[in-house]
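Student: My structure is below; once you've seen it, I'll send some questions.
What follows draws every value from the coordinates through simple rules; no lab data is involved. Remember, predicted model here, so these are calculated numbers, not experimental data. Please note: Cβ atoms are built from the backbone with ideal geometry, for glycine as well, and neighbour counts cover all protein chains shown.
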Amino acid sequence: MRKIEEGKPILGSWRNVYILLAVVLALVILLLWLFTKYFD
C-alpha cells in the first residue's frame, strides 16, 4: 500500500486554517445570537 502524502493546506499553514475556522464559528454564533434577539 502506498502512503498518502499530505500536501500543504489551502491557506499556506494549518495555523491559518484553524484561525479561519475559529472566525467562521464565532460569526455563526454571533449571527444565531442576533437572530434570537431579533425574534425574542
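Student: Magnitude of the Cβ-charge dipole of the chain, K/R +1 and D/E -1, about the Cα centre, nearest 20 debye?
Tutor: 200 debye
Student: Would you work out which of Pro9, Ile29, Phe39 lies farthest towards the positive end of the dipole of the chain? Charges go on Cβ: Lys and Arg +1, Asp and Glu -1.
Tutor: It is Pro9.
Student: Cα axis of helix 14-38 to longest principal axis of the chain: angle in degrees, 0 to 90, nearest 10?
Tutor: 20 degrees
Student: By how many nm would the segment from Arg15 to Leu34 lengthen if fully extended, with 0.36 nm per residue of separation less the alpha-carbon distance?
Tutor: Stretched out fully, the Arg15 to Leu34 stretch lengthens by 4.0 nm.
Student: What value, in deg cm²/dmol to 500, does the helix sum -39500 (n - 2.57) over DSSP H runs of n ≥ 4 give at 222 nm once divided by the residues of the chain?
Tutor: -22000 deg cm²/dmol
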